[in-house]
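I have placed the structure first, in the form of structure tokens, so that the comments after it can refer back to it.
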Amino acid sequence: MKSDRLLSILLLLQTRGRVPAPELAERLEVSVRTIYRDVEALSAAGVPVYAERGRHGGIGLLAGFRTDVTGLTADESRALFVLAAQGAHAALGLDAALASALRKVMAALPAPHRPAAEVTSRRVLVDATRWKSGPEQAADLAVLQDAVFSDRRLRLRYRHSGERQARTYTVDPYGLVAKAGVWYLVADRRGRPRLFRADRVRSARLLDEPVRRRPGVELADVWEGLRRRVEERDAGVEVTVRVPRELADMFRRITAAQLTAPPEDDGEGAWVTARLAYPTLRAVRQLLAFSDRVEIVDPPEARAELVGGARSVLALYGAAGAAGED
């Protein structure tokens, strides 16, 4: 709708200052000619907007002009009150600020929209954390935040998964990302993008040097590349298993990170088939948790690895039992 687009232009100009017409056109998915017509419409409505052509030109508002959020629609009002996991705000120390901001937004909403927004805040909650994710070291985001917002380099002591000793890195932060309840620091190391889990950072120190980010690269760009790299990483070992039908739901929940597709159920037999991907052959030992309730169909080396794991467990507890009898 044109009215929504005019409000979007107004809020963008208020937030960004002068903006080139081609950029506004791209963001709002219209032509540059449409943007100039919208500017004329805003001007005719009494908004002090102006357009400057040329290499350094753009669309802008006269200094000191401000608007409020009373142009919000009912759906936009509801959207603001669908809160993400409160833990994310708490980790950043922003719980109180969020509550205060929402109170101010509520006061500025058009009166007809306030009841719907208030009901939405009580009836819809988004919790991004996974079920039974297990105890993890709490991430201390304070120093990481300082580096991100002050544009300074960081010296990290970081422990990688599967390693006992921490390594030292000097990095150039782009920002912080929360995914499924886990915080990550997105940064460059020696000009190449890296991902660091915040709960594996053993210590962090701000350096006096300014951050050295690659020109024109934003957090969203780096995160997209890193996320795609993780998701497209070679599986290593693909395993096919048979699972009793009555165990299928629990199996799916526990192995969600390894499943490459939902278990296949032909609707007849007592078993379903599932396919999983593990980074290494040894990781297949996760299936020992299901004892004899899950059968590896393929590959043979995965079966052998599971047998080897079972023998190791038997040897451990057999030796412990023999020691207790002496």
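The values are calculated or read from the model by the stated rules, or taken from the named source; none is laboratory data. Small disclaimer: the values here were computed from a predicted structure and weren't measured. Here the Cβ positions follow ideal geometry from the backbone for every residue, glycine too, while neighbour counts run over all protein chains shown. The protein model used for the area step is the full one, side chains on, heavy atoms only, and it has no ligands, DNA or RNA in it. Shrake-Rupley method; radii C 1.70, N 1.55, O 1.52, S 1.80 Å.
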Given (1) under 30 Å from Ala187 (Cα atoms); (2) surrounded by fewer than 16 Cβ atoms within 10 Å (Cβ to Cβ), number of the condition Arg253 does not satisfy: (1)
Is there a residue being surrounded by fewer than 19 Cβ atoms within 10 Å (Cβ to Cβ), touching a residue at least 60 places away in the same chain (Cβ under 8 Å) and within 18 Å of Val230 (Cα to Cα) anywhere in region 158-178? no
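Each row is one residue, and each column tells you yes or no for (1) part of a helix (DSSP H, G or I); (2) of a type outside the set (Val, Ile, Thr); (3) modelled with pLDDT under 75; (4) surrounded by 12 or more Cβ atoms within 10 Å (Cβ to Cβ).
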{"residue": "Val69", "(1), (2), (3), (4)": "no, no, yes, yes"}
{"residue": "Glu76", "(1), (2), (3), (4)": "yes, yes, yes, yes"}
{"residue": "Ala90", "(1), (2), (3), (4)": "yes, yes, yes, yes"}
{"residue": "Glu118", "(1), (2), (3), (4)": "yes, yes, no, yes"}
{"residue": "Asp127", "(1), (2), (3), (4)": "no, yes, yes, yes"}
{"residue": "Ala139", "(1), (2), (3), (4)": "no, yes, yes, yes"}
{"residue": "Gln145", "(1), (2), (3), (4)": "yes, yes, no, yes"}
Would you say Arg205 is over 30 Å from Pro300 (Cα atoms) and open to solvent by 90 Å² or more (accessible area, probe 1.4 Å)? yes
Pairs, please: C-beta under 6 Å, at least 6 apart or cross-chain, first residue under 16 Å from Arg228 (Cα atoms) and modelled with pLDDT of 90 or more and in region 183-201, second part of a strand (DSSP E or B) and of a type in the set (Gly, Ala, Ser)? Val186/Gly175; Arg194/Ala187
I need the full set of residues from region 179-191 which are within 20 Å of the chain's Cα centre (by Cα) and open to solvent by 50 Å² or more (accessible area, probe 1.4 Å), in order please. Lys179
Residue list for region 273-308, filter: of a type in the set (Gly, Ala, Ser) and over 35 Å from the mean Cα position of the chain (by Cα): Ala304, Gly308
